[in-house]
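Have a look at the structure below, then the notes.
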Amino acid sequence: MMTLLENRNGAAGPEPAPAKRSLAGMTKPELMAALAAAGVPEAQSKMRAGQLWNWIYARGARDLLELTNIAKSLRADLDALYTLARPEIAAEQVSEDGTRKWLLRLERQAPGERAPEIETVYIPEPDRGTLCISSQVGCTLTCSFCHTGTQRLVRNLTPAEIIGQILVARDRIGDWPGAAAPASRHGIPDAERKITNIVLMGMGEPLYNFDNVKAAIAVAADPDALAFSKRRVTLSTSGVVPMIGRAGAEMSVMLAISLHAVRDELRDELVPINRKYPVAELLNACRNYPGLSNARRITFEYVMLKGINDSIAEARELVRLLAKIPAKINLIPFNPWPGSRYECSDWAQIERFADVVNRAGYASPIRTPRGRDIMAACGQLKSASEKLRASGLGPAGGASAQ
């Protein structure tokens, strides 16, 4: 069963009055600056920032007037200047398998522009709940098998916009302490937390927005904020080799590599950044990834394309290339999108490919496609937004996610 929530206000039009800035998504230095602007004495700003930090990220507060351990006068002063608003939900879809997808509308950064849009997906499973978030509006990469690669880069997301995706998801599925469960609990884990894992695998290349992604991860991993273990935060890159070591040293998150081919000539076509950073350089960066161990393996993502990269010879070469790299190989059945020239490998061939990898000692799960009925599977989200607009159901204008 599919449900849809819509909001159609994305088109450019008369400029609205300046909106109050949201504190939700701010880093601690930003919160302290906001408090200073509200007249809070410097001697109190650290304590007050800590109070706001707890309300926003540990409790999921939505209304500044309800922060009961802050004086009423200060609450009123803050409320006059700021909000705790999240990114606007332009559309929400719920798949028959429980996957949820949100099209989120962001604030305009220049007069007259359309409000940019991104997509965020929540995938519930019996033992976990994974939230796939975006790091850019659009993408600079042109991976030929991915629909998002056909969309130009609009801009980087700010830390608040990256964090805001987590806040929206936790709001919608009731993932705050004491929150009511959503109307349908289909597939939602029974654990205390419904979102257990964060993956930066949505729209954009996270390592091309390094500083903002790093700031957002710091909030997500802060034990006094969203409190996600960094072992449950995975950053996926198409292979920005010079930034991989920095990501490991400065973010300490789990790493996923969008590999998809074992030969440079094929990867040049599928993942064109390979022309700048070929396979050998990429894998050398992986071998030197800070903190790499059997307990902190790198995930190599490999989309299965019929007759393109799915031969047994390529499975054997994949095993050879990854020798001595603690790794998991995630085989992804290709999710078709309108106009794509690729087909998904036959299931029997995917299993034969996986058997070669498994016998070499690598964990090689075949990813079960999720959310296909709402075009929420890997590589499909852009087409989902376009489909909504074409049908007249969705918002006009903006961008959507990978």
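Quick notes on this structure:
- Evaluating 6.51 cos²θ - 1.76 cosθ + 1.60 at θ = phi - 60° for every residue in the range 323-336, the Karplus couplings come out as 3, 6, 9, x, 8, 10, 10, 9, 8, 10, x, 4, 9, x Hz, glycine and proline recorded as x.
- For the range 231-247, putting each phi into the Karplus relation 6.51 cos²θ - 1.76 cosθ + 1.60 with θ = phi - 60° gives couplings of 6, 10, 10, 10, 9, 9, 10, 7, x, 7, 3, x, 9, 5, x, 4, 4 Hz, in residue order, rounded to whole numbers and with x for Gly and Pro.
- Taking θ as phi - 60° and the Karplus parameters 6.51, -1.76 and 1.60, the scalar couplings of the range 124-139 work out to x, 9, x, 10, 6, x, 10, 10, 9, 10, 9, 10, 9, 8, x, 7 Hz in sequence order, x denoting glycine and proline.
- Taken as Cα centroids, the range 291-367 and the range 40-108 sit 41 Å apart, rounded to the nearest whole angstrom.
- Cut-off under 5 Å, modelled amide H: who pairs with residue 335 long-range: none
- Each label was represented as a point 7 Å from its Cα along the Cα-to-Cβ direction; for residue 316 and residue 250 these points are 4.3 nm apart.
- Ranked by how many other Cβ atoms sit within 10 Å of their own Cβ, fewest first, the residues 66, 119 fall in the order 66, 119.
- Legend: distances between Cα atoms for 28/72; 230/324; 214/306; pairs beyond 25 Å are 214/306.
- Interchain or long-range residues, amide H under 5 Å from residue 90's placed H: 103, 104, 105
- In plain terms, the residue of 270, 78 with the fewest other Cβ atoms within 10 Å comes first and the most crowded comes last, giving 270, 78.
Any read-out appearing in this document is the output of simple, stated calculations on the displayed coordinates, not a laboratory observation. Small disclaimer: the values here were computed from a predicted structure and weren't measured. Note: ideal-geometry Cβ built from the backbone for every residue, glycine included; neighbour counts use all protein chains shown.
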